[in-house]
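Undergrad: The structure follows.
Nothing in this text is a laboratory measurement; each read-out follows from the coordinates by a stated rule. Bear in mind the structure is a predicted one, so any value in this text is a computation, not a measurement. Methodologically, a virtual Cβ is constructed for each residue, glycine included, from the backbone with ideal geometry; neighbour enumeration extends over all protein chains shown.
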Amino acid sequence: METGVIIVGAGPVGLMLACELHLGGVNVTVFDKLPAPSGESRALGFNRRAAETLDQRGLLTGLGRFRWGPMGHFGGVRFDLGMLEEDHSGVLGLSQARTEAMLAARLAELGVPVRRGLEVTGVREESDGVVVTCQGPAGAGEHRARYVVGCDGPHSTVRTAAGIPARHWEATRGMYTAELTGITLRPRPIGERLPGGHMVVCTPLGEGRCRIVIHDKDLPPHQDPAKLTFPQVADAWQKLTGEDIRHASAQWMWACDNAAALATEYRRGRVLLAGDAAHAMPPLAAWSLSAGLQDAANLGWKLAAHLAGRAPEHLLDTYHAERHPVGEQLIRNAQAASMLYLGDADMDPLRGVLGELVAHKEAAGQLAGIVSGLGIGYDLGPGEHPLLGRRMPPHKELTRPDGTRTRVAELLHAARGVLITTDGADGKTAEIAQDWAASVDVVTGTWTPDAPDAPGSTGPAPVAVLIRPDGYVAWTAPGSDRDLADALAHWFGTPGTPGTPGAPGTPGALHRTGA
């Protein structure tokens, strides 16, 4: 059987993308150079929109117990999430290893192969597909697919082999991260700023276990992570805190810096990029992981629909158009937050002004939208409804004709488009959508009223709404100036002739991001 897509990289982004493609009917294989998962957790959680993305596929419950963060901050400047109508809290203290294990288990259930110990050494595009060259236990080999997606990190072999350039921001300082056992340290979950532009972070992970991060402005960038030793970490921690951690055991350690990079193209022909391969940035509040999971959700249904002949190729171009500006703003926001977070006393006046601003609801909402990912919106067509181009709140409930209540997130588990019609909708709305039954589910019911004091209450929903598989609203009634048939054709192809270009229009580009 021909492989539809080869994904290079078995981190959370690559595994999530494989799940998405499988749901779309694509034959997919994941390659990874490591013989087994590393067990390292460079991210401890993810933001609200990433959590919603997992919830939309029924994956959030597979993570077991975790906690939500009730207080937000931007670069260490705190703001109260409780003043906002929407719940912007993110998942805290959840190891990246647990997220990877959950996604890997899901792929095993689906029968999607993850081939480990295969290091990709090259990518060669041909007229009808892509050839991926690898080095593995059996020696060198070649593998063919129709498309390849690089989810292989900031030093992406796929990006380099495809000749996709990246804009680089050079590193100016180094940092150390380590996960320790056999020790209890004072928690410093969002960081403790120290004189001279230094900072230390300590996140408890259970009894006698914690993760520390050392931001010493005197640490040089470009250190070799493989040469980092625990005595170096212990010395750096003691220098800044006066605390001796030499009796602890390091489960893993990591030396990194504040370099950043952004690929100029997220797609070049049959080669696509996602996650750190597309937008590399220093570790900060799991922003990169959160964005990478959303890359996967944006790309997966589009690539699957095109490969299955259900959508035109221009749909793939909307991946770059929508997600590349998010990557640009991700790096800009991370740099701004880092200046606040790691700057010395010279930044205190700015911190003070920003602290006063975020006491106001509008300013807090702006920053909360950046941190949570809920501020992201795309240009999905003309119209004035506030949900158009934004994500459909997944907690919204629909009461079906049989009396059952269903959350929007549950309607998206199959990674298909969803058209919701209620009693106020035009009688022809559902009839129009039947021509796209191969890609869109039509669901009828009435909106279940939000409790007046419910967190995340967002007011009245439209009488009819078309939701893309990634959860973003492509059409509403009332509120959209585009006909429903045009919106369906643009995102799901011409009815009756899958694969034929849909309605004309500019591919969706970033429209607003809370920035």
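Undergrad: Tally the DSSP beta bridges in the chain and give the antiparallel ones as a percent, rounded to 5.
TA: Working: 73 of 93 bridges.
For the chain, the DSSP antiparallel bridge percentage is about 80.
Undergrad: Another question about this same structure. Using the Karplus curve 6.51 cos²θ - 1.76 cosθ + 1.60 with θ = phi - 60°, work out ³J(HN,Hα) for each residue of the range 404-418 in order, rounded to whole Hz, and write x for Gly and Pro.
TA: 6, 10, 10, 6, 4, 4, 5, 5, 9, 4, 7, 6, 10, x, 9
Undergrad: Another question, if that's okay. Could you line up Thr229, Thr203 from fewest to most neighbouring Cβ atoms inside 10 Å?
TA: By the 10 Å Cβ count, ascending: Thr229, Thr203.
Undergrad: Amide H neighbours of Ile7 under 5 Å, at least 5 residues apart or on other chains, H built in the peptide plane: list them.
TA: For Ile7, whose amide H was placed from the backbone, the distant partners under 5 Å are Thr29, Val30, Phe31, Val149.
Undergrad: Loop-only check: which GluC sites (Glu not before Pro) in the range 284-381 are DSSP coil with at most 13 other Cβ within 10 angstrom?
TA: Within the range 284-381, the qualifying GluC sites (Glu not before Pro) (loop, at most 13 other Cβ atoms within 10 Å) are Glu313.
Undergrad: Placing +1 on the Cβ of each Lys and Arg and -1 on the Cβ of each Asp and Glu in the range 278-361, which of Gly292, Leu303, Ser338 has its Cα farthest towards the positive end of the resulting dipole?
TA: Farthest towards the positive pole: Leu303.
Undergrad: Quick check: from the Cα gyration tensor, does the range 174-257 come out rounded (a/c under 1.5), prolate or oblate?
TA: Verdict is oblate for the range 174-257.
Undergrad: Turning to a different aspect of this structure: So what's the net charge close to Ser372: Lys and Arg +1, Asp and Glu -1, counting the other residues with Cβ under 10 Å from its Cβ? Provide the component values of the computation, followed by the final result.
TA: Values: positive: Arg48, Arg49; negative: Glu52, Glu86, Asp87.
Once all neighbours under 10 Å are counted, the net charge is -1.
Undergrad: Please give the charge dipole size of the range 149-286, origin at the Cα centre, charges +1 on K and R Cβ atoms and -1 on D and E Cβ atoms. Round to the nearest 20 debye.
TA: Result for the range 149-286 is approximately 360 debye, rounded to the nearest 20.
Undergrad: For the chain, which longest stretch is free of loop sites, where a loop site is one of the trypsin sites (Lys or Arg not before Pro) that DSSP puts outside H, G, I, E and B and that has at most 10 other Cβ atoms within 10 Å?
TA: After excluding every exposed loop site, the longest remaining stretch is 66-427.
Undergrad: With unit charges on the beta carbon (Lys/Arg positive, Asp/Glu negative), name the residue among Gly64, Val443, Tyr378 whose Cα is farthest towards the positive pole of the charge dipole of the chain.
TA: Gly64
Undergrad: Quick check for me: using +1 on Lys/Arg Cβ and -1 on Asp/Glu Cβ, what's the dipole size of the chain about its Cα centre, in debye to the nearest 20?
TA: Numbers: 47 positive and 57 negative charges, 174 e Å.
That gives the chain a dipole magnitude of about 840 debye.
Undergrad: Let me ask something additional. Provide the FRET efficiency to the nearest 0.05 for the Asp244-Ala308 pair, computing r from the beta carbons and using R0 = 60 Å.
TA: 0.50
Undergrad: If I take every Cα pair under 8 Å that is 6 or more residues apart in the chain, average their sequence separation and divide by the length, what percent do I get for the relative contact order?
TA: The normalised contact order for the chain reaches 18 percent.
Undergrad: Pairs to check: Lys302/Lys361; Lys396/Lys428; Lys33/Lys302; Lys302/Lys428; Lys239/Lys361. Give those whose C-alpha atoms are more than 30 Å from each other in this structure.
TA: Check vs 30 Å cut-off fails for Lys302/Lys361; Lys239/Lys361.
Undergrad: Amide H of Ala438 versus every other amide H placed in the peptide plane: which residues, excluding those fewer than 5 positions away on the same chain, fall under 5 Å?
TA: When sequence neighbours closer than 5 places are left aside, there are no close amide H contacts.
Undergrad: Under the rule a/c < 1.5 gives rounded, and otherwise a/b versus b/c splits prolate from oblate, where does the range 1-120 land using the Cα gyration tensor?
TA: Since a/c reaches 1.5 and a/b is larger than b/c, the shape of the range 1-120 is classed as prolate.
Undergrad: Separate question: Two decimals is fine: what is log10 I(q)/I(0) at q = 0.11, 0.13 Å⁻¹ for the chain, from a Debye sum with one equal scatterer on every Cα and no solvent?
TA: Taken in order of the listed q values, log10 I(q)/I(0) reads -0.97, -1.32.
Undergrad: Roughly how big is the range 1-109's charge dipole about its Cα centre, with Cβ charges of +1 (Lys, Arg) and -1 (Asp, Glu), in debye to the nearest 20?
TA: Roughly 320 debye for the range 1-109.
Undergrad: Using DSSP H assignments, which helices in the chain have an axial alpha-carbon span of 18 Å or above and a mean Kyte-Doolittle hydropathy of -1.0 or higher?
TA: Sorted by number, the helices that extend far enough and score high enough are 96-110, 287-307, 314-342.
Undergrad: In addition: Determine, for Leu107, Leu34, the number of other Cβ atoms within 10 Å of each Cβ, and report the residues in order from fewest to most.
TA: Numbers: Leu107 21, Leu34 13.
The most exposed by this proxy come first: Leu34, Leu107.
Undergrad: Let me ask another. Farthest toward the dipole's positive end in the chain, which of Gln238, Pro220, Gly427, given Cβ charges of +1 (Lys, Arg) and -1 (Asp, Glu) about the Cα centre?
TA: Farthest towards the positive pole: Gln238.
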